[in-house]
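The values are calculated or read from the model by the stated rules, or taken from the named source; none is laboratory data. In this text the structure is predicted, and so the values were computed from the model without any measurement. With ideal geometry, Cβ positions are generated from the backbone for all residues, glycine too; neighbour counts draw on all protein chains shown.
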């Protein structure tokens, strides 16, 4: 099997090393999408519209594709990529590293809660990534609550003099009655993360992490990429298909329209 990484920097280096450690070979330098064996994987790490277009080209050529989704990409682009994958007989997945946290995973696997609150406080320099962070929290809430279909969202943000949101609060109500409350702030201290879920009578779990899992590092991304690639090699359904993330992307799109 071959793989190609669309993106550079420390995340790409970590992902590349993880794939090579599994005996997978990188495509030659100067790679362009072309017809390939069905077990090849395109890894999309750049959160840009241009690289999503390259991912679309890879899907048309039959590459299985896993994507680190840009927060400002419209949901219709995701729907288009899902359609391209179906037409090509390829798989398309999304990197959702928060689901891998050992502290968070029990909330996903046990009885579904009905109420979820998630709060993340990050250093001020991370404020430029506010849409990505809010999108990751919305994705996490949708996974844990097992919810589908938006009923209502309420969003408030407090921008600084430059228009960058320094705090964002969102309440998301799903059609199945589940409720998620999300809060992101940017302060001067170390990153912190807090999660509380309740439901099913006495079911109640809480998680507090310092440093927090946002923004996700290269090792978290690499674990998801390796899981995807190894599933492709086995010929089995890869984890975290993009089609399953469409609801969370719709939430993130709605929230992202109000913050920057």
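Side notes on the structure shown:
- All told, residue 114 falls short of being touching a residue at least 60 places away in the same chain (Cβ under 8 Å), out of contact with any helix residue (DSSP H, G or I) (no Cβ under 8 Å at 6 or more places or on another chain) and farther than 25 Å from residue 19 by Cβ.
- Of everything in region 218-230 that is out of contact with any helix residue (DSSP H, G or I) (no Cβ under 8 Å at 6 or more places or on another chain) and touching a residue at least 24 places away in the same chain (Cβ under 8 Å), the residue that is surrounded by the fewest Cβ atoms within 10 Å (Cβ to Cβ) is 230.
- Scanning region 84-97 for residues that are in a helix (DSSP H, G or I), touching a strand residue (DSSP E or B) at 6+ places or on another chain (Cβ under 8 Å) and without any contact (Cβ under 8 Å) to a residue 60 or more places away in the chain turns up just one, 84.
- Filter result for residue 96 (within 25 Å of residue 207 (Cα to Cα), surrounded by fewer than 18 Cβ atoms within 10 Å (Cβ to Cβ) and touching a helix residue (DSSP H, G or I) at 6+ places or on another chain (Cβ under 7 Å)): no
- Residue match in region 155-176 (condition: under 16 Å from the mean Cα position of the chain (by Cα), over 17 Å from residue 212 (Cβ atoms), in the same structural domain as residue 114 (by TED's automatic domain parsing) and part of a loop (DSSP other than H, G, I, E, B)): no
- Candidates 107, 52, 81: the one that is farther than 25 Å from residue 15 by Cα, touching a helix residue (DSSP H, G or I) at 6+ places or on another chain (Cβ under 7 Å), part of a helix (DSSP H, G or I) and in contact (Cβ under 8 Å) with a residue 24 or more places away in the chain is 107.
- Of residues in region 59-76 being over 15 Å from the mean Cα position of the chain (by Cα), modelled with pLDDT of 90 or more and buried (at least 17 other Cβ atoms within 10 Å of the Cβ), the one nearest to residue 257 (Cα to Cα): 59
- Residue in region 164-186 that is more than 25 Å from residue 47 (Cα to Cα), in contact (Cβ under 8 Å) with a residue 60 or more places away in the chain and surrounded by fewer than 13 Cβ atoms within 10 Å (Cβ to Cβ) present: yes
- Condition check for residue 246: in contact (Cβ under 8 Å) with a residue 12 or more places away in the chain, buried (at least 19 other Cβ atoms within 10 Å of the Cβ) and either within 20 Å of the chain's Cα centre (by Cα) or farther than 18 Å from residue 45 by Cα (or both): no
- All positions within region 193-208 that are in a strand (DSSP E or B) and more than 19 Å from the chain's Cα centre (by Cα): 196, 197, 198, 199, 203, 204, 205, 206, 207, 208
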